[in-house]
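Heads up, the thing below is written out as structure tokens.
The values are calculated or read from the model by the stated rules, or taken from the named source; none is laboratory data. In this text the structure is predicted, and so the values were computed from the model without any measurement. Cβ placement follows ideal geometry from the backbone for every residue including glycine, while neighbour counts extend to all protein chains displayed. Just the protein is used for accessible areas: all its heavy atoms, side chains included, with ligands, DNA and RNA removed. Shrake-Rupley method; radii C 1.70, N 1.55, O 1.52, S 1.80 Å.
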Amino acid sequence: MRTLCALAVLSLAGPALAQAPAAPAAPPDPFVGDISLGYLSTKGNTDSTNANAKFDVSWDLDGPWKHEWHALAINARTDGITTAESYSAGYKAKRDFSETSYLFFTGDWRQDRFSGYDQQVSEAVGYGRRLIDNEKHMLSLEGGAGAKQSDLTTGESLDEAIIRGALDYLFTISETSNFEQKFLIEQGDENRYTESTSALKTRIVGNIALVLSYVVKSNSDVPVGIEKTDRFTSIALEYAF
């Protein structure tokens, strides 16, 4: 009798348990980003150090709007003399209006001790389109217009309208490695600024990755005696969150 009662209770409880709703999945974190730090020192006939730091974060609430922030600092010294010192920071807002197209607003600040410019500030609005977006490749292009304010080391100031173009390409090599290429051009009446960033990333363990990057920055109009192009090579450890 006890066995029959137990079977009856289980038979009645079974359908109720089967119909119980599954626990909802936790929503994805709207904040995604990474921070990297790198340092390289050589001793001998030439003493040199190279330090760099980078910060990137995006905020996506699963809606049409996405916000991105980034910052970069580079410093190099040879035999006690600073040979490179560059800082930059920026913000971008993107508003999707289809699966492949979006509008954007961007603001950037740059300071490079050896570029001939004390600082450069630019603002632009425009249109972007994701031409390729699959598991292996992502390619997007942007075009827009805006303004730029520059302070030269000679004491001059330069205010100009600009046309802005950008390319962003990501190649997922494997589950642990990827290659990223970014290119930016700001064309003004007096100066053309270009910036190219190539980065190869390999995850070591967990959220920690090794990143090898190569950055090229160039101004077409610089004071006499200043090189138009600066190149920075860095190796760093990156933590993704």
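The table that follows gives values for the structure above.
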| quantity | calculated |
| --- | --- |
| Tail beyond 21 Å, pair distance distribution of region 70-174 (Cα, percent) | 51 percent |
| For region 56-105, Kirkwood radius (reciprocal of mean inverse C-alpha pair distance, Å) | 13.3 Å |
| Rounded D (µm²/s) - the chain, Kirkwood Rh over Cα pairs, Stokes-Einstein at 37 °C, 0.692 mPa s | 156 µm²/s |
| Rounded if a/c under 1.5, otherwise prolate or oblate - region 102-241, Cα gyration tensor axes | oblate |
| Surface accessible to a 1.4 Å probe, HIS70 within the full protein complex, Å² | 70 Å² |
| 0 to 90° range, to nearest 10: angle between helix 2-19 axis and the chain longest Cα axis | 30 degrees |
| Convex hull volume of region 144-188 per residue (C-alpha atoms, cubic angstrom) | 94 Å³ |
| Solution diffusion estimate, µm²/s, Stokes-Einstein, region 173-228, Kirkwood Rh from C-alpha pairs, 37 °C, viscosity 0.692 mPa s | 242 µm²/s |
| Unsatisfied cross-links (Cα-Cα over 26 Å) in the set LYS136/LYS228; LYS43/LYS217; LYS54/LYS182 | LYS136/LYS228; LYS43/LYS217 |
| DSSP loop GluC sites (Glu not before Pro) with at most 14 other Cβ within 10 Å: longest gap in the chain | 1-98 |
